[in-house]
Amino acid sequence: MLVKGKPLVAVVSAGLSKFGKMEGFTGRELFIEAVGDALQRCPDINLRKDVKAVFVGMMSESFEHQGHIAPMLADWAGLLPAPAIRTEVACASSAAALRMGIFSILSGLYDVVLVGGLEKMTKRSTLEATEFLGMAADFPFEQWTGVTFPGLYALMATAHMHRYGTTEEQMGLVAVKNHHNGALNPKAHLQREVTLDKVLNSRMIAYPLKLYDCSLISDGASCAILTRPDIAGKYTDKPVYIIGSGQGSDSLALSQRDDLTSLRAARYAAREAYEMAGIKPRDIDVAEVHDCFTIAEIIAYEDLGFCKRGEGGRFIEDGTPMLDGELPINTSGGLKSKGHPVGATGVAQIYEVFLQLTGQAGKRQVEGCDIGLTHNVGGSGATCFVHILKGG
Amino acid sequence: MGKEDECEAPQFTIEQFYRFLSEKKLMAARCIKCGTKYLPPRPICSNCYSRSLDWIQLETRGKLITYTIIHVAPPRLQSLVPYAYGILELEDGLRLPGMIRGIPDNEIRIGMELEVTFESAASEDWPKWPMYYFKPPR
């Protein structure tokens with residue numbers, strides 16, 4: 001029986017590999033870098049003895065021509081013979097791994113599990129990566145007829161601009177903000193500032209989205225160690241608790257959705273997570289949201305209830321989500337600047353909020369934050385997860 | 001099902017939708033029990049789970065509800081870039097996404113009327129479905 005605001009699980013540690021064009025490294029090597037990072041942050045855990053199951057997200061076998069990755073990653077992380085399962089819901093694959101980890105602990109079956117994700121994307125050409133990512137769209141009516149992933153978000157952006165007057169400049173400000181934050185994150189893919197001028201004058205990918213409106217094709221891996229809330233103290237003095245977990249689905253094809261300017265799956269997931277946590281959007285101190293394209297972050301502000309529908313453009317213009325604003329969003333640099341190795345992203349967001357709530361976020365630390373939120377979208381929005389975390 | 005089995009009505013499948021397209025017909029499925037319409041067709045109604053369906057032929061004119069101009073495409077379509085792409089709202093709110101041709105990019109507007117046109121030759125590539133496009137009505 002779930003009680004509002006009661007911890008579902010504890011996050012006792014989290015780890016991240018460096019994100020970027022990690023030449024010379026395969027996905028599994030990046031994954032154990034993330035596991036090693038988590039272990040360093042939580043030296044009291046005995047991974048081999050304590051971890052009873054592994055859940056890992058990866059979107060596509062095509063990048064490395066490698067399927068059946070879960071037991072292989074358990075092996076490389078030194079966790080054999082613990083059971084291991086891969087989860088796949090496009091760019092939300094590791095939030096799914098996290099949620100399966102939560103379920104496995106809530107079921108009473110396991111006390112400690114390891115969740116994470118990875119994607120090794122940059123050894124492929126941009127065209128190949130575009131094709132593999134496109135597989136998350138509806139094949140007979142989207143891929144076949146010529147739309148790309150940036151194209152699907154561009155269709156949402158055009159609709160949002162037409163309906164609400166959202167501008168290319170407002171979308172550009174999301175990129176400027178996230179690059180500013182990413183410049184402060186030593187694990188980010190692109191650690192440099194960009195100007196609004198540079199964003200607006202970058203080359204067109206899918207009108208109205210330009211190169212700097214798009215997240216990066218990156219390599220990287222993430223992990224988190226979850227425990228039953230009542231035993232977290234065995235492993236760390238500073239656990240973070242997951243107090244809300246929501247997930248929603250929608251039609252795979254964008255054209256089948258009633259509203260092209262909002263993600264129903266995200267609104268559903270948010271409502272479920274807020275209700276479980278017993279909190280309101282205004283209680284959130286820091287958030288990592290799925291900015292696969294700048295318009296996606298603007299829509300996320302609205303779907304998560306941080307502002308009203310149609311006001312996402314003004315929300316960024318007013319500076320609210322800036323690092324020194326009232327509600328800092330994507331302090332990590334987001335998918336835009338930290339990078340977007342798709343299968344790693346969901347748990348990478350948990351990693352950032354874990355750092356923020358335990359005071360380990362370095363130059364991008366938000367002072368006095370207690371409640372954080374993550375929002376991870378699969379594909380063009382057929383899947384969305386929202387998780388709410390609270391400091392110990 | 002063996003080839004000797006002759007169905008009375010063509011199956012309500014995506015393959016059949018594309019077979020109709022190659023005959024220059026835009027066909028949707030309608031649930032006889034609850035009236036829900038499907039484009040693409042579905043063999044079982046997701047609203048009431050009925051298997052009693054019939055085919056309806058749609059008007060090919062519709063209203064453009066959103067669009068983009070794609071500059072980076074997968075290898076199969078890279079030779080066509082930049083190309084316009086949008087979602088057309090047809091009768092009864094049914095929607096179809098597709099490429100837009102025959103109009104300069106800077107003249108494309110949300111709300112404009114376009115019509116579905118059919119390319120009858122099936123593609124050589126898997127899965128060998130014909131293509132369709134949207135263009136200004138004649």
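The values are calculated or read from the model by the stated rules, or taken from the named source; none is laboratory data. Remember, it's a predicted structure, so these values are computed and weren't measured experimentally. Glycine also receives a Cβ, built like all others from the backbone with ideal geometry; neighbour counts cover every protein chain displayed. Areas reflect the complete protein model, heavy atoms only, side chains present, ligands, DNA and RNA absent. Shrake-Rupley method; radii C 1.70, N 1.55, O 1.52, S 1.80 Å.
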Karplus-derived HN-Hα couplings along segment A:130-139 (A = 6.51, B = -1.76, C = 1.60, θ = phi - 60°), whole Hz, x at Gly and Pro: 4, 5, 5, 5, x, 5, 7, 8, 5, 4
Whole-percent carbon and sulfur share, accessible surface of the protein assembly as shown, 1.4 Å: 50 percent
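Quick one: if the Förster radius is 22 Å, what FRET efficiency do residue A:103 and residue A:52 give, using the C-beta to C-beta distance and rounding to 0.05? Walk me through the intermediate numbers first.
Working: r = 14 Å, r/R0 = 0.62.
Once the sixth-power term is evaluated, E becomes 0.95.
Using a 1.4 Å probe, what is the accessible area per residue for chain B, in Å²? Could the numbers behind the result be given before it?
Working: 7420 Å² over 138 residues.
With the other protein chains kept in place, chain B gives 54 Å² per residue.
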FRET efficiency for residue B:126 and residue A:367, using Cβ-Cβ distance with R0 set to 60 Å, rounded to 0.05: 0.60
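Normalised radius of gyration for chain A, please: alpha carbon Rg relative to 2.2 N^0.38 Å, two decimal places.
Details: Rg = 19.0 Å, N = 392, 2.2 N^0.38 = 21.3 Å.
That works out to 0.89 for chain A.
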Solvent-accessible ranking of A:139, A:25, largest area first, probe 1.4 Å: A:25, A:139
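For peptide A:204-210, what's the mean number of Cβ atoms from other chains within 10 Å of each residue's Cβ?
Numbers: counts 6, 5, 9, 10, 2, 2, 1.
Counting Cβ atoms of other protein chains within 10 Å of each residue's Cβ and averaging gives 5.
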Cross-link table A:198/A:336; A:49/A:120; B:25/B:135, entries beyond 20 Å C-alpha to C-alpha: A:49/A:120
Separation of the residue B:57 and residue B:15 label points, Cα + 7 Å toward Cβ, nm: 2.4 nm
Spin-label pair residue B:112/residue A:259, simplified geometry with 7 Å Cα→Cβ offset, distance in nm: 2.8 nm
Residue-normalised accessible area of chain A, expressed per residue, 1.4 Å probe, Å²: 35 Å²
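Ranking request for peptides A:257-267, A:345-355: highest mean number of other beta-carbon atoms within 10 Å first, then the rest in descending order.
Working: A:257-267: 21.3, A:345-355: 30.3.
Output ranking for A:257-267, A:345-355: A:345-355, A:257-267.
With r as the distance between the Cβ atoms of residue A:23 and residue B:138 and R0 = 41 Å, compute the FRET efficiency 1/(1 + (r/R0)^6) and round to 0.05. Present the calculation step by step, with values, prior to reporting the outcome.
Working: r = 54 Å, r/R0 = 1.32.
FRET efficiency, residue B:138 to residue A:23: 0.15.
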With DNA, RNA and ligands ignored, accessible area of residue A:76 (1.4 Å probe; Å², nearest 10): 110 Å²
Pair residue A:317, residue A:75: separation of 7 Å Cα→Cβ label points (nm): 5.6 nm
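Of the peptides A:228-241, A:174-187, how do they stack up when ordered by the mean number of other Cβ atoms within 10 Å, highest first? Working shown, then result.
Working: A:228-241: 17.7, A:174-187: 23.0.
The most tightly packed comes first, giving A:174-187, A:228-241.
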Assigned charges on the beta-carbon of Lys, Arg, Asp, Glu; the protein assembly as shown dipole about Cα centre (debye): 400 debye
Tail weight of P(r) past 16 Å, computed on alpha-carbon pairs of segment A:307-392, percent: 58 percent
